[in-house]
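Take a look at the structure below.
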Amino acid sequence: MSDLLIKFLSNTGYALVTYRNLIMIFIGLFFIYLAIAKKCEPLLLVPIGFGILLGNIPVFKGFGLGLYEDGSVLHFLYFGVTTGMYPSLVFLGLGAMTDFSSLLARPVLMLLGAAAQIGIFFTLLGALFFGFDPKEAASIAIIGGADGPTSIFLTARLAPHLIGSVAIAAYSYMALIPVIQPPIMKLLTTHKERLISMGVLREISQKEKIIFPIVAFLLCCFIAPAALPLLGMLFFGNLLKECTVTERLANTARNAIIDIATILLGVIVGASTQGDRFLTQQSLGIFLLGAIAFSIATASGIIFAKIMNLFMKQKINPLLGAAGVSAVPGSAREAHLLALKEDHTNFLLMHAIACNSSGVIGSAIAAGVLWSFFN
């Protein structure tokens, strides 16, 4: 009887646990705390945080329980991450939720979304300098786009062993936008620049809204065909929203589909961060380079807006450059709130959303370019 008891105890998680598992469980609990107590991106951090707990319960090898074991339930769910299925479904829902009217009303703001992607290519060079191979470097660099699904999609294609580290870094920095971006925005802009008013945007016709996703899809995917799975779904979802005859499908895409995809993506990405695979020197390097990428992307958008003002009669508030990253709607909200602190009548939100939505497109194109180049 005592032998059976000893054998039972030796098979429990208490006997199998390592300090790496305990560290990751603490990180998972911290993510859940941030989401619930501080309301930092709860729709992302609650699934990821619980997924980290799920992935760090020690199990016997060969029982078909672990995420990296063939035949396990978690391994089958992980298939949606490694194939890019979940990120594509998220983009479908995102397209059905996005209103591109402000971008159509002021197309020049699209340049700020493009400028913010400079952070991706600077970080690519940095990752190569620190010894990462080209595919790993490209996967790390895409964190600068501040788009979790895009980061996961590209990493699954180029460096699947880095999915956990890249995804956690990308989503962490998205959640920390209120901490990271405002100091950079204040540092790179003057009080006078932050007071610049953008005026009222023109009214966009329904015909323009319907034509845009079709034309934008063709233009963007001819430029970067490898971005087809992401941009195809983004613009298809937007067409469902704007054409007015598929409202039922649009509602499903922006509610049920994106919610299911977000839950599965968050939980499974979190579960992929098993302590023995995640807590490495390489992961620390990824977090450092990810922070650099996100900071450079924010600064690039702001600096480019200031350069544009040298040639434009109607000046652009440089704070909008920070919204050029793909973190929807977090970065747009921060640009708007900072402008309001300077002048409570200066509403930048719709202009910032224009930059934000162009950042989504820009990061997907950048991912497609990197995939086609390094594949």
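The values are calculated or read from the model by the stated rules, or taken from the named source; none is laboratory data. Note that the coordinates shown come from a computational prediction; the quantities given were computed from them, not determined experimentally. Please note: Cβ atoms are built from the backbone with ideal geometry, for glycine as well, and neighbour counts cover all protein chains shown.
Out of everything in the stretch 81-92 that is out of contact with any Pro (no Cβ under 6 Å at 6 or more places or on another chain) and farther than 10 Å from Ala156 by Cβ, what residue ends up being surrounded by the most Cβ atoms within 10 Å (Cβ to Cβ)?
Filtering first and then ranking leaves Phe91.
For the stretch 290-311, give me each residue that is among the hydrophobic types (A, V, I, L, M, F, W, C) and modelled with pLDDT of 90 or more.
Ile296, Ala297, Ala299, Ile302, Ile303, Phe304, Ala305, Ile307, Met308, Leu310, Phe311 - these are the residues of the stretch 290-311 that are among the hydrophobic types (A, V, I, L, M, F, W, C) and modelled with pLDDT of 90 or more.
How many residues, within the stretch 186-215, are surrounded by fewer than 18 Cβ atoms within 10 Å (Cβ to Cβ) and either closer than 15 Å to Leu103 by Cβ or among the hydrophobic types (A, V, I, L, M, F, W, C) (or both)?
Counting residues in the stretch 186-215 that are surrounded by fewer than 18 Cβ atoms within 10 Å (Cβ to Cβ) and either closer than 15 Å to Leu103 by Cβ or among the hydrophobic types (A, V, I, L, M, F, W, C) (or both) gives 13.
Go through the stretch 316-333 residue by residue and tally those that are surrounded by fewer than 23 Cβ atoms within 10 Å (Cβ to Cβ) and farther than 21 Å from Tyr171 by Cβ.
The qualifying residues number 0.
Taking only the stretch 305-332 into account, find how many residues are more than 15 Å from Ala115 (Cβ to Cβ), touching a residue at least 60 places away in the same chain (Cβ under 8 Å) and of a type in the set (D, E, K, R).
Residues meeting the conditions: 1.
Which of the residues belonging to the stretch 205-224 are farther than 24 Å from Asn255 by Cβ and in contact with a helix residue (DSSP H, G or I) (Cβ under 8 Å, 6 or more places away or on another chain)?
Passing the criteria: Glu208, Cys220, Cys221, Ile223, Ala224.
Tell me which of these Ala227 doesn't satisfy, since it passes every other one: (1) touching a helix residue (DSSP H, G or I) at 6+ places or on another chain (Cβ under 8 Å); (2) at pLDDT 95 or above.
Tallying (1) touching a helix residue (DSSP H, G or I) at 6+ places or on another chain (Cβ under 8 Å); (2) at pLDDT 95 or above, Ala227 fails exactly one: (2).
Residue-wise test of (1) in contact (Cβ under 8 Å) with a residue 60 or more places away in the chain; (2) closer than 17 Å to Ile143 by Cα.
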| site | (1), (2) |
| --- | --- |
| Arg248 | no, no |
| Ile257 | yes, no |
| Ile260 | yes, no |
| Ile263 | yes, no |
| Ala271 | yes, no |
| Arg277 | yes, no |
| Ala293 | yes, yes |
| Ile296 | yes, yes |
| Ile303 | yes, no |
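Could you say which residue among Thr273, Thr262 is assigned to a helix (DSSP H, G or I) and either modelled with pLDDT of 90 or more or of a type outside the set (A, V, I, L, M) (or both)?
Thr262
What's the total number of residues in the stretch 140-170 that are without any contact (Cβ under 8 Å) to a residue 40 or more places away in the chain and over 19 Å from Ile48 (Cα atoms)?
Within the stretch 140-170, residues that are without any contact (Cβ under 8 Å) to a residue 40 or more places away in the chain and over 19 Å from Ile48 (Cα atoms) number 1.
Taking the conditions exactly as written (surrounded by 16 or more Cβ atoms within 10 Å (Cβ to Cβ), hydrophobic (A, V, I, L, M, F, W, C) and within 30 Å of Pro58 (Cβ to Cβ)), does Ala299 satisfy them or not?
Criteria not met by Ala299.
One line per residue, one yes/no per condition, for (1) closer than 29 Å to Ile180 by Cβ; (2) at pLDDT 75 or above; (3) in contact with a helix residue (DSSP H, G or I) (Cβ under 8 Å, 6 or more places away or on another chain):
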site: Met1; (1), (2), (3): no, no, no
site: Lys7; (1), (2), (3): no, no, no
site: Asn11; (1), (2), (3): no, no, no
site: Val17; (1), (2), (3): no, yes, no
site: Ile25; (1), (2), (3): yes, yes, yes
site: Phe30; (1), (2), (3): yes, yes, yes
site: Glu41; (1), (2), (3): yes, yes, yes
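Give the residues of the stretch 105-119 that are touching a Leu at 6+ places or on another chain (Cβ under 8 Å) and of a type in the set (A, V, I, L, M, F, W, C), sorted by residue number.
Ala105, Leu109, Met110, Leu112
Identify all residues within the stretch 265-293 that are in contact with a helix residue (DSSP H, G or I) (Cβ under 8 Å, 6 or more places away or on another chain), among the aliphatic types (A, V, I, L, M) and more than 30 Å from Gly93 (Cα to Cα); write none if there are none.
Of everything in the stretch 265-293, just one residue is in contact with a helix residue (DSSP H, G or I) (Cβ under 8 Å, 6 or more places away or on another chain), among the aliphatic types (A, V, I, L, M) and more than 30 Å from Gly93 (Cα to Cα), namely Leu279.
Report, by residue number, each residue of the stretch 105-126 that is over 19 Å from the mean Cα position of the chain (by Cα) and either modelled with pLDDT of 95 or more or crowded, with 22+ Cβ neighbours inside 10 Å (or both).
Correct list: Leu109 only.
Going through the stretch 334-359 one residue at a time, which ones are farther than 20 Å from Ala216 by Cα and crowded, with 20+ Cβ neighbours inside 10 Å?
Glu334, Ala335, His336, Leu338, Ala339, Leu348
Output yes when any residue across the stretch 61-71 is part of a helix (DSSP H, G or I), farther than 25 Å from Glu242 by Cβ and in contact (Cβ under 8 Å) with a residue 40 or more places away in the chain, and no when none is.
Among the residues of the stretch 61-71, not one is part of a helix (DSSP H, G or I), farther than 25 Å from Glu242 by Cβ and in contact (Cβ under 8 Å) with a residue 40 or more places away in the chain, which makes the answer no.
Yes or no: Ala305 under 30 Å from Ile163 (Cβ atoms) and part of a helix (DSSP H, G or I)?
So Ala305 fails the test.
Quick check on the stretch 308-326: of everything there that is of a type outside the set (S, T, N, Q) and not in a helix (DSSP H, G or I), which residue is nearest to Ile120 (Cα to Cα)?
Val325
So which of Leu228, Leu234, Leu239, Leu201 is assigned to a loop (DSSP other than H, G, I, E, B) and touching a residue at least 24 places away in the same chain (Cβ under 8 Å)?
Being assigned to a loop (DSSP other than H, G, I, E, B) and touching a residue at least 24 places away in the same chain (Cβ under 8 Å) holds for just one of Leu228, Leu234, Leu239, Leu201, which is Leu201.
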